[in-house]
Amino acid sequence: MSDVVEVQVPLGDRTYTVTVGHGARTRASSVIPSTARRVAVVTQSGIPDTYIPQFPQQSVSIHHIGDGEVHKSLTTIERLCSEFAREGLTRGDVIVAVGGGMVTDVAGFAAASYHRGIPVVHVATSLLAMIDAAVGGKTGVNIPEGKNLVGAFWQPHAVICELDALATLPEREMRCGLGEMAKYHFIVREDLNEMPFNERIARCVGIKAEIVAADEREGGIRAFLNYGHTLAHALEIGTDFEIAHGEAVSIGVLYAAHLAHVLGRISEQRVDEHYRVVHDVYGLRNPLPEGVIADRLIEDMGRDKKAVNSLTFVLDSADGLEVVSGIEEQHVRSALDALMARLAQ
């Protein structure tokens, strides 16, 4: 793989490029809209200034959001939009998000909302943002009743994956990204760990780009990108976000395998393959958080965005992933019991 790789997300006249590479942030000034006279950078105080691109031809304002899921809220969106208005941002200007998945989610939703839509460019500095949150146009914030329940589809103008930033990530942040990366093995049924890590990142971006192009608004196969997320979101809510998203996804992927096995969709050997990828390839031996209550998890899983009239999961089968609705609660509980028993070994 060359130093910098470009992946297209083909969406007709809204097609955009995802640039993956070391030093890719230096390309940011060339990918913002030509109409932009002002750039509003949304970031966090913990993101090194070195990753904030330079925009010599534009007026630049910096807008910080807080750390932690408590700040992924409508209150933060209101504050950002007020700050944009005071800076005089117009539809011809641009928002540039610099940071991880929380930053791109929040900045993307603010961009979708301000003036009913303003261009946004994401400069992803975490693995999770690069392979998931920054690509695809899903934006959102949390409310007490659930994670990402308020948001919008708003495709970015461009995405930059700054691989230099990965060397500076705390171990837990890196593990969060690996939790999302693990799911791609089961989406495409490929052994991605045979690739060099940088190529694996680009491959994950390419997989997501193909799925988004085929199903932009999650009416079909885009739900596959949420593999493992139904339990994951419930775990996050049930622990007041003490468990990080990628950690929860790594457990959710294993749970989805157990549920598919309980329903007779996959063999025990396929369940073992899930554990091999999650535990052995990525080293994600995350335990279930202490004090989680099955009834609460089931209630929160019922609020998942995929659930319309019944408990709904993305599940594996001999033919690949499928969205399965109408799952009986007894099977959901049996799979939870199986997960708890195996993680306790």
So in region 1-48, with the set limited to residues that are of a type in the set (D, E, K, R) and out of contact with any strand residue (DSSP E or B) (no Cβ under 9 Å at 6 or more places or on another chain), which one is surrounded by the most Cβ atoms within 10 Å (Cβ to Cβ)? Arg14
Kindly state which helices (runs of 4 or more DSSP H) lie completely within region 240-301 and contain at least 3 residues that are in the same structural domain as Gln330 (by TED's automatic domain parsing) and of a type in the set (D, E, K, R). 268-275, 294-301
In region 137-147, which residue that is modelled with pLDDT of 90 or more and out of contact with any Phe, Trp or Tyr (no Cβ under 8 Å at 6 or more places or on another chain) is surrounded by the fewest Cβ atoms within 10 Å (Cβ to Cβ)? Ile143
Can you pull out every residue in region 191-221 that is within 20 Å of His274 (Cβ to Cβ) and out of contact with any helix residue (DSSP H, G or I) (no Cβ under 8 Å at 6 or more places or on another chain)? Glu194
For region 148-173, which positions are at pLDDT 95 or above and not aliphatic (A, V, I, L, M)? Gly151, Phe153, Trp154, Gln155, Pro156, His157, Cys161, Glu162, Asp164
Tell me which strands (runs of 3 or more DSSP E) are completely within region 122-170 and hold 1 or more residues being among the aromatic types (Phe, Trp, Tyr) and over 11 Å from the mean Cα position of the chain (by Cα), or say none if there are none. 146-153
Can you tell me which residues in region 206-258 are in contact with a Cys (Cβ under 7 Å, 6 or more places away or on another chain) and of a type in the set (Asp, Glu)? Glu247
Against the definition (surrounded by fewer than 21 Cβ atoms within 10 Å (Cβ to Cβ), in contact with a strand residue (DSSP E or B) (Cβ under 7 Å, 6 or more places away or on another chain), assigned by TED's automatic domain parsing to the domain that holds Arg79 and of a type in the set (Val, Ile, Thr)), how does Ile52 come out, yes or no? yes
Out of (1) in a helix (DSSP H, G or I); (2) free of Cβ contacts under 8 Å to residues at least 40 places away in the same chain; (3) over 19 Å from Glu216 (Cα atoms), the odd one out for Glu190 is which? (1)
So Ile118 fits all but one of (1) surrounded by fewer than 20 Cβ atoms within 10 Å (Cβ to Cβ); (2) modelled with pLDDT of 95 or more; what number is the exception? (1)
Check Arg86, Arg79, Arg25, Arg38 and return the single one that is among the basic types (Lys, Arg), under 26 Å from the mean Cα position of the chain (by Cα) and farther than 26 Å from Leu149 by Cα. Arg25
On the given criteria, is Thr19 under 20 Å from the mean Cα position of the chain (by Cα) and of a type outside the set (A, V, I, L, M)? yes
Just the residues that are outside any helix (DSSP H, G or I) and buried (at least 16 other Cβ atoms within 10 Å of the Cβ), please, taken from region 205-222. Glu216, Glu218
Flag for Ala182 being in a helix (DSSP H, G or I), modelled with pLDDT of 95 or more, touching a Phe, Trp or Tyr at 6+ places or on another chain (Cβ under 6 Å) and buried (at least 20 other Cβ atoms within 10 Å of the Cβ): yes
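The values are calculated or read from the model by the stated rules, or taken from the named source; none is laboratory data. Here the structure is a predicted model, which means the values were calculated and not measured. Positions of Cβ are generated from backbone atoms using ideal geometry, with glycine treated the same way; all protein chains shown enter the neighbour counts.
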